[in-house]
Amino acid sequence: MKQQTTADKPRIGFIGLGKMGWPMASRLAQDGYALTLLDANLELATQLAQEIGANPATNAKMLAQQSEIIITILPNSSIVQSVLDGSEGLLAGLNPGSIIIDMTSGVPSMTQTLAAQVANAGGHLVDAPVSGGVPRAKTGELSIMFGGSEQLLETVRPVLATMGNAIERIGDVGSAHAMKALNNLVSAGGFLIGIEALMIGKRFGLSPDKMVDVLNASTGMNNSTQKKFKQYVLSGKYNSGFGLDLMVKDLGIALGLAHETQTPAAFSALCHEMWSASARMLGAGNDHTAVAKLVQTLANDSIEDR
């Protein structure tokens, strides 16, 4: 259904209509923004455009020409680079003063390089990765980390506020992508140690379901105990909406930061290796919560509710 757009709101181009991008773009349309959509799957972009009253684009240059603010949420920084470049890329059609908000979980140093390219083309690039997953993307309650100037943040804040309810400026361009990778490192470590604890307890004779309740009332509480263990692991569903391959990518970015800053990170390296081993064992297309299957395989046991 076509939404009523407001003339004084900036025109937005949105690139990347995956599990996160689809609900984020939908919320912008609901809030009255005129949208132009692009995805590698042109049929998908056309379908969503029809649903929310947006315009589909056939290439990034066309989208840039129709937009004042451009949002990218793509699998990695290399794909962002490919969207910028070429005769049909964003830079070929960029309007002077346009702002590109890269909401991809990207490589910080590469983000800084991309920002310089966009600046040379007369625009601005900032990084604004998100946390909260598909459920909070649907409700507009994402946590958004921002890398860029205070002035640019205030310019795009109304747009970001449509998609998230916690917006935090981290620092200059690239800083938000660094923070996102480190956030996921902490999340990944907490998930794994929690699953191992559930397995230990289960084999001792404790109820995993009861253990989660106790953890959530005690100092062991974290995001995984609250929002993942019962919902996606004990249930056997493994369908949170965030891919295992994406988590492994983010952990690689975090470990790369450790190497760049010459920071000893032995547990981080082990965490990355265990998540990578899980991805190799399970293959492509798995949800990140399926990493619990690695622990269960090593123990030759299950903690899922039966």
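The numbers here are math on the coordinates, done by the rules we state, and not lab data. Computed from a prediction, not measured in an experiment: that's the story for all the values here. Glycine gets a Cβ as well: all are built from the backbone with ideal geometry, and neighbour counts include every protein chain shown.
Looking at segment 20-47, which of the residues that are touching a residue at least 60 places away in the same chain (Cβ under 8 Å) and assigned to a loop (DSSP other than H, G, I, E, B) is nearest to the chain's Cα centre (by Cα)? Ranking the qualifying residues of segment 20-47, first place goes to Met20. The residues of segment 95-116 that are in contact (Cβ under 8 Å) with a residue 40 or more places away in the chain, of a type in the set (Ser, Thr, Tyr) and either in a strand (DSSP E or B) or under 14 Å from Phe14 (Cα atoms) (or both) amount to a single one, Thr104. Screening Ala119, Ala92, Ala137 for residues that are assigned to a helix (DSSP H, G or I) and out of contact with any helix residue (DSSP H, G or I) (no Cβ under 7 Å at 6 or more places or on another chain) leaves exactly one candidate, Ala119. Residues in segment 140-170 that are surrounded by 20 or more Cβ atoms within 10 Å (Cβ to Cβ) and assigned to a strand (DSSP E or B): Leu142, Ile144, Met145, Phe146, Gly147, Gly164, Arg169. For segment 152-160, check the following and say yes or no: at least one residue is β-branched (Val, Ile, Thr) and in contact (Cβ under 8 Å) with a residue 60 or more places away in the chain. Within segment 152-160, one or more residues are β-branched (Val, Ile, Thr) and in contact (Cβ under 8 Å) with a residue 60 or more places away in the chain.
Within the bounds of segment 70-88, is there any residue that is farther than 26 Å from Lys228 by Cβ, in contact with a Lys or Arg (Cβ under 6 Å, 6 or more places away or on another chain) and not in a helix (DSSP H, G or I)? Within segment 70-88, one or more residues are farther than 26 Å from Lys228 by Cβ, in contact with a Lys or Arg (Cβ under 6 Å, 6 or more places away or on another chain) and not in a helix (DSSP H, G or I).
In segment 209-251, the residue that is farthest from the chain's Cα centre (by Cα) out of those that are closer than 17 Å to Ala284 by Cα and charged (D, E, K, R) is Lys237.
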